[in-house]
Amino acid sequence: MRERLSNLGGLAVLASDPLSSVAYATEELLLVLVLAGMGAIGWSVPLSLAIVGLLAILTISYRQTIRAYPQGGGAYNVARENLGVEAGLIAASGLLIDYVLTAAVSVAAAVAALTSAFPALAPDRVAIAVSVLAFLMVINLRGVKTTGRIFTVPTLMFVAIMLALILTGIVRFVLLDQPVPAGVPRPPLDDAVAAVTLFLLLRAFAAGCAALTGVEAIANSVRVFRPPETRNAARTMLWMAIMMGTLFVGITYLGHQLDIVPAADETVVSQIARVVFLNTPLYYGVQIATLLILLFAANTAYSGFPRVASVLGQDGFLPHQLSDTGRRLVFSNGIIGLTVLSSVLVVVVQARVHDLIPLYAVGVFLSFTLSQAGMVRHWHRLKGSNWLRSAFVNGVGASVTATALMIIAITKFTHGAWLIMLLVPATLFVFNRIHRHYAMVAEQLSLEGYAPPVAPMKHTVVIPVSGVHRATLEAVAYAKALSSDVRAVYVASDDAEAEELRLKWQRHLPDVPLEIIQSPYRLVVAPFLKHLDQIRSDENQLVTVVIPEFVPFHWWQMFLHNQSAWMFRIALLFRRRVAFASVHHHLTR
């Protein structure tokens, strides 16, 4: 019970992802509004309030999910149980895509915070981001436990210093109306260059919805809390929403008051902190706290992605290897897969956050919508006390998130959302093909209806040889232990060499028949396989291929010799009624 998380520990561990979105959500919102000039920046505060309203609806809805699914109400489980397997798989595809983007976006934003404080590092941002992902992979492969104590200090430091930034800025530049300090660049207040249309506002709203990523994390992890789990998880989710909404609106409001606009080489949060705190240690404190919270947010993907992938692996919709745990009891394959996918994304977009954000929210809101719709079906099935009220709350959540999903898909379609809209059905197709394969394997391996062969199996051992040496003699001895029917095969491309080998064979192994196959085009494997097919033409014929192979003393010496044994193994793998074995002769120096 001591390993369970307190409310504060749960907040620190599970809220790092949504809280970290404060570092880039305002900037993404402003990036759209500035397309209409500085006159459109005033819409940033109303839009942030609308996003916080959506956050409130999600919080109320997910608090019900917490009470209904105390074992953890992940979107995959909720949608599959209540809406069917296909709906669950769609939610799972959205979750997996979301986790990959969480790791990529969080690390890219962390690097942006670092390069804003230290511009000299900007040219190396891609290398730094990939190195950070590799570091996260290594520590997660080593099975480092995620505890509340590790996360608590950085999370509380981030919340405290961001609140200090907001309050100090409002007091200085709003209440006291102080001028912007000399030496701090202030963007020009240009007139509007385009009309503020409804489509522009919807697009800005969709960009700002990146702030809502990760809000379902607490509902997915109810069992990590101390008893009573559901009450503690529900309270923690409420506190997470209050903190996140306060910071998001506060940063957006302060940015509006200071006329901050996105810059290519510095984040909006960094610009605000530089104006409020100048280049004092407090400014660097903001950047360090932002960097740490973003790294912890990226690390949450290393917990979520392997867990969802392992569940899908157990259910037969992803390779079973994703369900295997390494010697440190972590899902090693999922961790490595997440790192590879995230690193590819970071390299492709050159670690630019605003190029990743259009891909981000589609998968998130898809899983939101399916989870909430599944909860409506859940209440309808149970029909307990007050089920209509509960169904109404989740129904509102499903309707609002579905509307937001359509807005995001439409407004971000040409900016990258089309890719996610293709990836989700493509991932669904892969899930079903993998599941069909596993079902076919189970059917063909089943003993039901199986009739063993009536006639006894005939066993022939075939040895492909390249010469007569110690490895060959040891292979022949092994083959004789398997069967009385042993044959050697030599593929010859030169008549003189073939005759020399035949004479040497008769001298050392006269009791084993040697068959020489002519190959004028110097092919080895193909002529051998053709000869092998003739031997195994009988259905009751079992063939074992024994491959003589010598192993050098040093591993690097392997590269000094041809690897024909590997070619034989690969070719024989797909031959029916053929087994193969390697007999190794180890060199001593």
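Since every read-out is calculated from the coordinates, none of them should be taken as a lab result. Please read these numbers as outputs of a predicted model, since none were measured by experiment. Positions of Cβ are backbone-derived with ideal geometry, glycine not excepted, and every protein chain shown enters the neighbour counts.
How would you classify the stretch 327-367 from its alpha-carbon gyration tensor, with a ≥ b ≥ c the square roots of the eigenvalues: rounded for a/c under 1.5, else prolate if a/b is greater than b/c, otherwise oblate? Oblate, since a/c reaches 1.5 and b/c is not below a/b. Over the stretch 458-586, the fraction of Cα-Cα pairs per 5 Å bin, rounded to whole percents and listed from the shortest bin up, is 2, 10, 21, 23, 22, 14, 6, 1, 0. The modelled label-to-label distance for the pair Ala127/Asp494, using points 7 Å beyond Cα in the direction of Cβ, is 5.0 nm. Straight-line cross-link reach from Lys458 at under 18 Å between alpha-carbon atoms covers these aspartates and glutamates, not counting any fewer than eight positions away in the same chain: Asp485, Asp533, Asp538, Glu539. Database remark: amide H of Gln541 closer than 5 angstrom to the amide H of Lys458 (H placed geometrically; neighbours at sequence offset of 5 or more, or on other chains; Pro and chain starts carry no H). Taking 20 Å as the cut-off, the amide N atoms of the stretch 566-587 that come nearer than this to a point 7 Å along the Cα-to-beta-carbon line of Leu523 belong to 566-576. Subtracting the Cα-Cα distance of Val430 and Ile242 from their residue separation scaled by 0.36 nm leaves 63.7 nm. When only alpha carbons are used to place a centre, the stretch 517-568 and the stretch 199-245 end up 60 Å from one another. Taking the centroid of alpha carbons for each part, the stretch 80-142 and the stretch 488-515 are 60 Å apart. Normalising the average separation of contacting C-alpha pairs (under 8 angstrom, six or more residues apart) by the number of residues puts the relative contact order of the chain at 21 percent.
How high is the FRET efficiency between Val347 and Leu198 when r is their beta carbon distance and R₀ equals 35 Å, given to the nearest 0.05?
0.45
Here each label is just a point 7 Å from Cα along the line to Cβ, and for Trp566 and Ile336 those points are 1.6 nm apart. Nearest 10 degrees, 0 to 90: what angle lies between the long axis of helix 268-277 and the longest principal axis of the chain (Cα atoms)? It is inclined by approximately 50 degrees. Note on Ile128, Ile357, Ile272: ascending count of other Cβ atoms within 10 Å places them as Ile128, Ile272, Ile357, the fewest first. Ranking Ile535, Phe296, Ile547 by how far each Cα lies toward the positive end of the dipole of the chain (charges on Cβ) leaves Phe296 at the top. Above 28 Å lies some portion of the pair distances; for the stretch 259-406, what is it as a whole percent of all C-alpha pairs? Value for the stretch 259-406: 48 percent of Cα pairs lie more than 28 Å apart.
In the chain, the longest principal axis of the Cα atoms and the axis of helix 281-314 are about 40 degrees apart. FRET efficiency for the His380 to Leu8 pair, using the beta carbon distance and R₀ = 35 Å, is estimated at 0.45.
Where both residues lie in the chain, what percent of DSSP beta bridges are antiparallel, nearest 5?
0 percent
Stretched out straight at 0.36 nm per residue, the stretch from Gln444 to Phe550 would grow longer than its current Cα-Cα span by 34.4 nm.
When only Cα pairs below 8 angstrom with a gap of at least 6 residues are kept, the stretch 461-527 shows a relative contact order of 35 percent. Compared with the dominant principal axis of the Cα atoms in the chain, helix 387-411 is inclined by about 80°. The H on the amide N of Leu258, modeled in the peptide plane, is under 5 Å from the matching H of no residue at least 5 residues off or on a different chain. The calculated FRET efficiency for Leu282 paired with Arg589, based on their beta-carbon distance and R0 = 60 Å, is about 0.35. Residues Glu28, Glu549, Glu497 in ascending order of nearby Cβ atoms (within 10 Å, fewest first): Glu497, Glu549, Glu28.
Where (i) 45; (ii) 38; (iii) 67 are the candidate values, the label of the one calculated here for percent of Cα pairs over 39 Å apart is (i). Counting only DSSP H runs of at least 4 residues, each contributing -39500 (n - 2.57), and dividing by the residue count of the chain, the helix-based mean residue ellipticity at 222 nm comes to -21000 deg cm²/dmol. A full extension of the chain between Ser399 and Leu35 corresponds to an added length of 128.1 nm, given 0.36 nm per residue minus the alpha carbon distance. Equivalent ellipsoid of the stretch 444-518: semi-axes from √(5λ) of the C-alpha gyration tensor, largest first, are 34, 14, 11 Å.
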